[in-house]
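A short write-up of the structure that comes next.
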Amino acid sequence: MADTCVLYGDCQCGEIRGPKQILSHFPVHQDGSCNGLQHYAALGRDKLGAESVNLSPFDKPNDVYGDVVELVEKRRQIDAENGVPLARILEGFIKRKVIKQTVMTTVYGVTRYGAQFQIHRQLQDIPEFPAEYRWPASMYLVGKTFQSLNEMFVATKEIQDWLTISASLISRVCNRPVEWVSPLGLPIVQPYHCKKFISKKGVTMRDAFNMFEKPDTRKQRNAFPPNFIHSLDSVHMMLTALYCLHAGITFVSVHDCFWTHACDVELMNKVCREQFVSLHSLPILENLSRYFLKKYGYSKSEITGASQSAADGMRLVNRVLSQVPKRGDFDLKDVLNSTYFFS
């Protein structure tokens, strides 16, 4: 506010000195373009997905939410032509705002049930939409939104599925929580275990110290993909912070929102892009696979000495953990020239 008053005062006095002559302490922020999907697209070198979330350079920013709306609307039109009642009722109501939260949270583990609540909430805010069709329409749109995302982000879906199945096998067959090490060397353990209850003096309480109980397979499975992506965006944030510190500029961040002073935005943008490319130039999925096999994989002697059903499970663990999803042909260096990667 003080800076605004100074600039306003200069203008009133006819002393317009130009922006470079004004001392400003205002933070200028740059946001990632659906950052979770950016990491997935980079991991899988997913060209179509990379273009949608602005990893590729364009004259204008691409809008992943608008792209999904376009695909959902095309599917709705086909259904309407085939006589699907809900598709006809939804005509004119499939807007960016309706599906934005679902697209944004898909990479962070939102379930179909949760997504249905998100879309239902948006439909509630549209007075013209008939109330009696909100729930069925929400269910319909969730299905179409997920289908559209899978079509746009093929490599992302394959990586998500691999992470999910790996976590399920580790917790169910190996009977252990999922652990991994971030590219910066930070060990991470998912603390999801089955609940343990204890009774004292007729009162039943949940035991908070349940880390020695069996892993909760459902939570381990559902949480691993979003937690893994969070570990990558935290590494990107930390690398950007460290290199900004080395360059002598102020840096503040909240998740994928990076802030600095106006005079240093250009330098922060350069550092941000360079560190993203540096991070994803590492064989992240291959390193994860090797770590998993070393920690959770079974030797031939262990498999030979097990029962038939147990041996089958062990072989499945080894096979899945070693099947790293294939990459596409997106050139990661394009990020360096993408204006709207963080903007």
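When you check PHE342 against the structure, is it surrounded by 18 or more Cβ atoms within 10 Å (Cβ to Cβ), closer than 28 Å to THR156 by Cβ and modelled with pLDDT under 95, yes or no?
yes
Any residue that is charged (D, E, K, R), modelled with pLDDT of 90 or more and not in a helix (DSSP H, G or I) - is there at least one of those in the range 31-53? Spell out how you get there, then give the answer.
As a first pass, look at the range 31-53 and keep what is charged (D, E, K, R): 31, 45-47, 51.
This time we only want the ones that are modelled with pLDDT of 90 or more, so: 45-47, 51.
Next, only the ones that are not in a helix (DSSP H, G or I) stay: 45-46.
Within the range 31-53 (the criterion being charged (D, E, K, R), modelled with pLDDT of 90 or more and not in a helix (DSSP H, G or I)), the answer is yes, since at least one residue qualifies.
Can you tell me which residue is farthest from the chain's Cα centre (by Cα) among those in the range 301-341 that are in a helix (DSSP H, G or I) and acidic (Asp, Glu)?
Going through the qualifying residues, I end up with GLU302.
Please state which of the following conditions LEU245 fails to meet, knowing it meets all the rest: (1) more than 23 Å from SER338 (Cβ to Cβ); (2) touching a strand residue (DSSP E or B) at 6+ places or on another chain (Cβ under 7 Å); (3) open to solvent by 30 Å² or more (accessible area, probe 1.4 Å); (4) hydrophobic (A, V, I, L, M, F, W, C).
Of (1) more than 23 Å from SER338 (Cβ to Cβ); (2) touching a strand residue (DSSP E or B) at 6+ places or on another chain (Cβ under 7 Å); (3) open to solvent by 30 Å² or more (accessible area, probe 1.4 Å); (4) hydrophobic (A, V, I, L, M, F, W, C), only one is false for LEU245: (2).
Could we say that ILE78 is modelled with pLDDT of 95 or more, part of a helix (DSSP H, G or I) and farther than 18 Å from ARG273 by Cα here? Step through it out loud before you land on a result.
Working: modelled with pLDDT of 95 or more: yes; part of a helix (DSSP H, G or I): yes; farther than 18 Å from ARG273 by Cα: yes.
When the stated conditions are applied, ILE78 passes them.
Tally up the residues in the range 153-177 that are at pLDDT below 95 and either open to solvent by less than 10 Å² (accessible area, probe 1.4 Å) or among the small types (Gly, Ala, Ser) (or both), please.
Residues in the range 153-177 being at pLDDT below 95 and either open to solvent by less than 10 Å² (accessible area, probe 1.4 Å) or among the small types (Gly, Ala, Ser) (or both): 3 in total.
Checking the condition more than 19 Å from GLU51 (Cα to Cα), exposed (fewer than 14 other Cβ atoms within 10 Å of the Cβ) and among the charged types (D, E, K, R), which residue from LYS294, LYS326 passes? Don't jump to the end; show me each part of the working.
Details: LYS326 fails: more than 19 Å from GLU51 (Cα to Cα).
Of LYS294, LYS326, the one residue that is more than 19 Å from GLU51 (Cα to Cα), exposed (fewer than 14 other Cβ atoms within 10 Å of the Cβ) and among the charged types (D, E, K, R) is LYS294.
Please state which one of TYR291, TYR298, TYR243 is within 25 Å of PHE224 (Cα to Cα), of a type outside the set (Gly, Ala, Ser) and not in a loop (DSSP other than H, G, I, E, B).
TYR291
For (1) more than 28 Å from ARG134 (Cα to Cα); (2) touching a strand residue (DSSP E or B) at 6+ places or on another chain (Cβ under 8 Å); (3) in contact (Cβ under 8 Å) with a residue 60 or more places away in the chain; (4) open to solvent by 20 Å² or more (accessible area, probe 1.4 Å), each residue gets a yes or a no:
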{"site": "LEU43", "(1), (2), (3), (4)": "yes, no, yes, no"}
{"site": "GLU51", "(1), (2), (3), (4)": "yes, no, no, yes"}
{"site": "LEU55", "(1), (2), (3), (4)": "yes, no, yes, no"}
{"site": "GLY66", "(1), (2), (3), (4)": "no, no, no, yes"}
{"site": "ARG75", "(1), (2), (3), (4)": "no, no, yes, yes"}
{"site": "VAL84", "(1), (2), (3), (4)": "no, no, no, yes"}
{"site": "GLU91", "(1), (2), (3), (4)": "no, no, no, yes"}
{"site": "TYR108", "(1), (2), (3), (4)": "no, no, yes, yes"}
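Looking at PHE276, is it within 19 Å of the chain's Cα centre (by Cα) and open to solvent by less than 60 Å² (accessible area, probe 1.4 Å)? Let's see the steps before the verdict.
Details: within 19 Å of the chain's Cα centre (by Cα): yes; open to solvent by less than 60 Å² (accessible area, probe 1.4 Å): yes.
Judged against the criteria, PHE276 is a match.
Answer yes or no as to whether LYS97 is closer than 26 Å to PHE342 by Cα, outside any helix (DSSP H, G or I) and basic (Lys, Arg). Spell out the reasoning first.
Values: closer than 26 Å to PHE342 by Cα: yes; outside any helix (DSSP H, G or I): no; basic (Lys, Arg): yes.
Taking the combined requirement at face value, the residue does not satisfy it.
Which residue pairs have Cβ atoms closer than 9 Å, lie 6 or more positions apart in sequence or on different chains, and pair a first residue in the range 171-192 that is assigned to a loop (DSSP other than H, G, I, E, B) with a second residue that is among the acidic types (Asp, Glu) and at pLDDT below 95?
Between residues of the range 171-192 that are assigned to a loop (DSSP other than H, G, I, E, B) and residues that are among the acidic types (Asp, Glu) and at pLDDT below 95, the close pairs are PRO177/ASP216; TYR192/ASP216.
Is there a residue in the range 172-180 that is of a type in the set (Phe, Trp, Tyr) and touching a strand residue (DSSP E or B) at 6+ places or on another chain (Cβ under 7 Å)?
Keep residues of the range 172-180 that are of a type in the set (Phe, Trp, Tyr), which gives 180.
From what is left, the residues that are touching a strand residue (DSSP E or B) at 6+ places or on another chain (Cβ under 7 Å) are 180.
Yes, there is a match, as at least one residue in the range 172-180 is of a type in the set (Phe, Trp, Tyr) and touching a strand residue (DSSP E or B) at 6+ places or on another chain (Cβ under 7 Å).
The values are calculated or read from the model by the stated rules, or taken from the named source; none is laboratory data. Please read all numbers here as calculations on a predicted model, not as lab measurements. No Cβ is skipped: glycine too gets one built from the backbone with ideal geometry, and neighbour counts run over all protein chains shown. The accessibility values were calculated without ligands, DNA or RNA, using every heavy atom of the protein model including side chains. Shrake-Rupley method; radii C 1.70, N 1.55, O 1.52, S 1.80 Å.
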